[in-house]
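Below you'll find the structure, written out as structure tokens, and then a few comments.
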Amino acid sequence: MIADTSETRNNGKILLAEDDDSMRRFLEVVLRRENYEIFSAKDGLEALEIALANEIDAVVTDAVMPNMTGFDLCRILRQTPEKQHIPLIILSGLNQDDAANEDNYPADFYLTKGNNLKEDLTKTLEGIFRQ
């Protein structure tokens, strides 16, 4: 029997927090093409509200956003028992050494926004969901 491939499989539910509209739209397209269901937020506070109200499998957040930084979002999720297991990915224009001064580095992965962001993000998520 041949499997029906007309339905696309959902690879997971991703919360995407990014304040830059064009970057958020770009990342939404990238993630949807990889068959992830996307919850989008334009700042950290909106992302926290979405995270607390929904079942999500991973968080991809910009480091610097209005109302709440991605670092603060990750810290709060780490302190929330029902959400502390969620893999957290921070995206930033700074390299990891420049961001190392953030207290209690809260994310599982740190990706630099650059030419390889699409590939780096998809590979990181693929690794997370293979576990």
### Query
Using unit Cβ charges (K, R positive; D, E negative) and no other charged atoms, how large, in debye to the nearest 20, is the dipole of the stretch 12-130 about its Cα centre?
340 debye
### Task
Return the distance in nm (one decimal) between the two label points of a simple spin-label model at Lys123 and Arg32, each offset 7 Å from Cα along Cα→Cβ.
2.6 nm
#### Entry: Signed unit charges on C-beta, dipole axis of the stretch 12-130, positive-most listed residue Thr124, Pro81, Ala107
Thr124
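In square nanometres and to one decimal, what's the mean projected area of the convex hull around the Cα atoms of the stretch 12-130?
Details: hull surface 26.7 nm².
With the hull built on Cα positions only, its mean projection is 6.7 nm².
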### Query
Taking the simple approach of a point 7 Å from Cα along Cα-to-Cβ for both Ser22 and His85, what is their distance in nm?
4.0 nm
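Where a number appears in this text, it was derived from the coordinates with a stated rule and is not lab data. Worth saying up front: this structure is predicted, and the values here are computed from it rather than measured. Neighbour counts are summed over all protein chains in view; Cβ atoms, including those assigned to glycine, are modelled from backbone coordinates with ideal geometry.
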